[in-house]
Structures are given as structure tokens and as C-alpha cells.
Amino acid sequence: MEINRPKLHFTPVKNWMNDPNGLVYYQGEYHLFYQHNPFDNVWGPMHWGHAVSKDLLNWEHLDIALKPDELGTIFSGSAVVDEKNSSRLFEDENGGLVAFYTNHYEEGGQVRETQSMAYSKDRGRTWIKYDKNPIIENPGIKDFRDPKVFYHKDTGKWIMILSAGNKAMIYISENLKDWQYVSEFGENLGAKTGIWECPDLFELEVANTGEKLWVLKFDLVRHKENTQSQTKYFVGDFDGKNFSMLNPESTWIDFGRDFYAAQSWSNLPNSRSIWLGWMSNWDYANKIPANDWRSAMTIPREIGLVRAEERYFLAQKPVREIKNSREKIHGEEEFLIRSKEYPIEASAEISLEIEKYKDFEIRFENSLGEYVDLTYNSEGSKVIFKREKSGVTEFSESFEKEMEIGPLIGMEGDELKVNILLDQNSIEVFFNDGIDVITNLIFPKEEINKMSLTSAKDQVRVKKLDIWSL
Ligand code: FRU
């Protein structure tokens, strides 16, 4: 099946893409590197593809940044601005960009993963691999990868967190080249089966209390607990060496099936915190309908923390830059609804505030009669997402057709807030300012062009409805 390119979501020009890598803001540009196989539209020898943007939405594609070498292929990692030249890799005191990645080496069924670095003196256009790679040898752990590096102000040290089997390990450094192991976190906490991938660790302010807390995010793959690859987080404290959790357990970040390997941008101005994830799932990523390119990223999302129900929750919403692409196609305030239809564009944003005491259903549909349903059950404040009739679904048995989420968090007040981003092959739903999120792929054979809002039993009161084309 030929599929149209998403309008809002980042896709590679050609061939395969998975995790976002090396997200860094530098001299007016947002960099997005990504796991890339330049030879085929399925996973293969990993390179780092590269793009830059000035607004997080329109991307300029650049040359491949990192290619495999004698130490192995180039797995996931991160990038930082070494602004004081603490690595002494740059000639002048203004420093430059430094990237960290995993070299993945396979021979005769044996796998070896080590950590390496590369640096760029020309705003990320070309990269020089450090001549003493690897900078961290493998300590005897098969899955030992995905270094995320950041600067920790309070201790004045660089920190690296990486995945090590079913936990994360933390290293520190003064010069980005010599790393010392300091702690580990998560064994038997996040995953009973399966392994961790792509950990991230960052500080956020809690919107409604002003506290500053740390979020440790990790991805789980090949685990049985919830069948597929998905992302979780812990909220806690980090003292420059140890992470300790405050919430009693880890929480799912996204209740859909297509949000994975998210990474936060480093060096962002104006104390913003933004990340994006790979919009797919290892269970079927290689089989989703594709042309000569395969996979998209989620929309870049503003991230924050909120306190609710005596816990801390991560909240996500599309970056505010998206407002610049909005063109209003419908706006309505205070009305009662039984059943109503609205014409809609293939890429659109829908924002709804609706009475939380009644059941209702939102359906997105195309002229072939393919549809996606979002059903809200007021009892227990649960939502069911159904993509069974959404178009092409039979490419994999693991492409789950229905999922339930809830009870929704942040249900103070009389209205449920729903914000939906629709694009050619995806639906991202943000409830109650993004405390609960669903990210799901869909493959309709024609573009979605209709939305209907139906109340199951009796009239439901809508406080506000806005529809924009994007
Ligand atoms: C996560 C992951 C990483 C690894 C990369 C390989 O999706 O498995 O752990 O570095 O993809 O492409």
C-alpha cells in the first residue's frame, strides 16, 4: 500500500528510521539525529541520520552523521554542547558539539556493546570520532547501551545514564572522555522480564507545587507484563550520583502502543523541556505499511510534572510552535449534543472540553467507511481506543486493535479536556493537559475527512470545541 507522508511528523527521506538520537539545541538549531539504515526500509546496520530545524516542525535533512566502523554499528545515544571546552577537543574556548553512542559489534553470534564519542567543530555538519574510542568498555553485560549525557549544575559534573540489562547504570566525568561508574538503579523495579533501553534523566518543575524533581524514563522491550515495547518513568531525586524514587512505583507514559525511545533535548533555551519519541513498536515496526521510507517520530512535546492524587505525574503536550500552523475550521462554545458530524482535514488538531458525567464517542472516519473510535465511559472515567476498522491492520497479529485506559487522572472540575492531533498515519490524544496520553498508528486507505461526536445515552454538554487544520 502506498501511504502519504505525514504532514506534521518527522520522517526520513528514504529507508528505515527508529529511535531519536543526539537531540540538542545549538546556535539557533534543533538537531535531530536518528537510528537509520540507509540501505533498506527495514532495520539493519545502524547509522545516525540527521536533520535540523528552527521551529521543531519543519526539518531540513542533512547528510548521515555517523557511520559504522571497526568497533561496530552506531546504536542510540545523545549529544551535548561542550560550551567550556571541558573535553579539550576543540581549539578555542567556545567548544562545540559532542555526541555519545553505543558501538554494537556482532561476530559469530557474540555481541559486544561499548560506548564511544564523536565531536563536531562545524555545528554538527561533520563529525570526528574520538581516537581513543571506546570510552567505556563493556563490563560483561550483553545489553549495555544508549548513553544519555547531561551536565549536572550542582556538582559541576557530566553525567551519563545508560541501560544495562534490566536496570540503568550511572557514570560521571569532568572532561567527557574519562568516565567513572557511580551507581545503578532499577533492578527488579521496572521490569520483571525484558530489558531496559534508552534511559533518560532530567529535572522538571512541578507545575502546581513549584518543587523541582527528577524524572527517570526508560523503555521496556520483550516484556510480558503488557505484551509490547512501551515506556515508563519514575519520579524522584538525583544528587549527582544516585537516583532515589519518590513515587512508589513506575508509571506508563503513554497508553497507546506507538510511543518508544523518547529522548529530551539538551541545552534548550528559556527553561523549556521538550522531547519526542519514535512512533512505532518493536513488535511490528518492520512490517507496518511503508513506501521506500518507514517510520515517523511523534510530535515534539513540552514536558512537565504535576501533582495529583498524592503522586507526581508527567504531563505532555504538543510544542507551542504548532499553534503557528493552525487554521481554524470550526469553533463552538457551550452546546448540547446528541450526535453531530464535522468535516475534518487529514492533519488536524481538535480541542474539546466536554462534560465528564456522561458517556460519549468520538469517531474519525474516511469515505471508505474506515474509522477509529475513542469511547469515553463516565463510570470509572475510562477510555477505549479502537483501531480495528481503521484500514490496514492485518500486517501483524501484534498490532493491537483495542486498548483501554483509565481511570483518567486530573479529573477535577466538571469537564474532561481532550486534545487530539491527527495526521496521515497517527492519532495522538492528550487528556487533561497531557497527564494521560495515547499515541497510536493507523493506516487508513484514504485520508480521514470526517469527525463525529455522539452521546451514548442522552445529551452531553460541550463547553468548547475547536477544530484546526494544520
Ligand atoms: C531501542 C533500541 C536501542 C538501540 C537501538 C538500535 O529502540 O533497541 O536500545 O540502541 O534501538 O537500533
Worksheet item: Once the piece of chain linking Glu203 and Leu246 is laid out straight, how much longer is it, given 0.36 nm per residue of separation minus the C-alpha distance between them?
Response: 14.1 nm
Worksheet item: How large is ³J(HN,Hα) for each residue in segment 328-338, as worked out from phi by the Karplus curve 6.51 cos²θ - 1.76 cosθ + 1.60 (θ = phi - 60°), to whole Hz, x for Gly and Pro?
Response: 5, 10, 7, x, 8, 10, 6, 8, 9, 9, 10
Discussion item. Can you compute the modelled spin-label distance between Asn175 and Glu334, with each label point 7 Å from Cα toward Cβ, in nm?
Written reply: 6.9
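Please tell me which of these pairs span more than 19 angstrom C-alpha to C-alpha: Lys358/Lys457; Lys67/Lys157; Lys157/Lys232?
Details: Lys358/Lys457 8 Å; Lys67/Lys157 29 Å; Lys157/Lys232 26 Å.
The answer is Lys67/Lys157; Lys157/Lys232.
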Worksheet item: Could you state the number of Å between the C-alpha centres of segment 175-203 and segment 341-407?
Response: 36
Practice prompt. Could you calculate the contour length gain from Lys67 to Glu83, that is, 0.36 nm times the residue separation minus the distance between their Cα atoms, to one decimal place in nm?
Written response: 3.2 nm
Fill in: Separation of the Phe39 and Lys323 label points, Cα + 7 Å toward Cβ, nm
4.8
Item to complete: Choose one of Asn85, His104, Asn4: the residue whose Cα lies farthest towards the positive end of the charge dipole of segment 1-157 (beta-carbon charges +1 Lys, Arg; -1 Asp, Glu; about the Cα centre).
Response: Asn4
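Students sometimes get this wrong: rank Val215, Val42 by accessible area, probe 1.4 Å, all chains present, largest first. Don't jump to the answer; show the numbers that get you there.
Values: Val215 0, Val42 50 Å².
Reading off the accessible areas and sorting them downward yields Val42, Val215.
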Fill in: Percent carbon-and-sulfur accessible area, the chain, ignoring ligands, DNA and RNA, probe 1.4 Å
44
Worksheet item: Which loop-located GluC sites (Glu not before Pro) does segment 295-349 contain, where loop means any DSSP state but H, G, I, E or B and the Cβ has at most 12 other Cβ atoms within 10 Å?
Response: Glu309, Glu310
Worksheet item: For segment 93-100, in order, what is each residue's ³J(HN,Hα) by Karplus, 6.51 cos²θ - 1.76 cosθ + 1.60 with θ = phi - 60°, in whole Hz (x at glycine and Pro)?
Response: 6, 7, x, x, 9, 10, 10, 10
Worksheet item: Nearest 20 debye, what's the magnitude of the dipole of segment 394-470 about its Cα centre given +1 on Lys and Arg Cβ and -1 on Asp and Glu Cβ?
Response: 360
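Past the 22 angstrom mark, what percentage of all C-alpha to C-alpha distances in segment 179-319 do you count? Write out the running numbers ahead of the final one.
Numbers: 4112 of 9870 pairs.
Roughly 42 percent, rounded to a whole number.
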Item to complete: Report, in whole Å, the centroid distance computed from the Cα atoms of segment 411-469 and segment 11-67.
Response: 30
Response to the item:
Of the residues Ile344, Tyr312, Phe364, the Cα lying farthest along the dipole of segment 311-369 towards its positive end, which is defined by charges on the beta carbon of Lys, Arg, Asp and Glu, belongs to Tyr312
Discussion item. Among Val149, Ser116, Asn247, whose Cα projects farthest towards the positive end of the dipole of the chain, with charges put on the beta-carbon of Lys, Arg (+1) and Asp, Glu (-1)?
Written reply: Ser116
Worksheet item: How long is the gain from Thr155 to Gln459 if the chain were fully straight, where each residue apart is worth 0.36 nm and the alpha carbon distance is subtracted?
Response: 103.7 nm
Worksheet item: To the nearest 10 square angstrom, how much accessible area does Val182 have with a 1.4 angstrom probe?
Response: 40
Discussion item. Explain nothing, just the number: dipole magnitude of segment 115-190 about its Cα centre with +1 on each Lys and Arg Cβ and -1 on each Asp and Glu Cβ, in debye rounded to the nearest 20.
Written reply: 360
Worksheet item: ³J(HN,Hα) across segment 369-374 via Karplus (A = 6.51, B = -1.76, C = 1.60, θ = phi - 60°), whole Hz, x for Gly/Pro?
Response: x, 7, 8, 10, 10, 10
Item to complete: Excluding residues fewer than 8 places away in the same chain, name every one of the aspartates and glutamates whose C-alpha is closer than 13 Å to that of Lys317.
Response: Asp254, Glu302, Glu349, Glu428, Asp433, Asp436
Worksheet item: Treating the beta-carbon of each Lys and Arg as +1 and of each Asp and Glu as -1, no other charges, what is the dipole magnitude of the chain about its Cα centre, to the nearest 20 debye?
Response: 200
Discussion item. Averaging over every viewing direction, what projected area does the convex hull of the Cα atoms of segment 218-297 cover, in nm²?
Written reply: 7.7
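The values are calculated or read from the model by the stated rules, or taken from the named source; none is laboratory data. Quantities reported herein were computed from a predicted structural model and do not represent experimental measurements. Positions of Cβ are generated from backbone atoms using ideal geometry, with glycine treated the same way; all protein chains shown enter the neighbour counts. We work out accessible area using only protein heavy atoms, side chains counted, and drop any ligands, DNA or RNA first. Shrake-Rupley method; radii C 1.70, N 1.55, O 1.52, S 1.80 Å.
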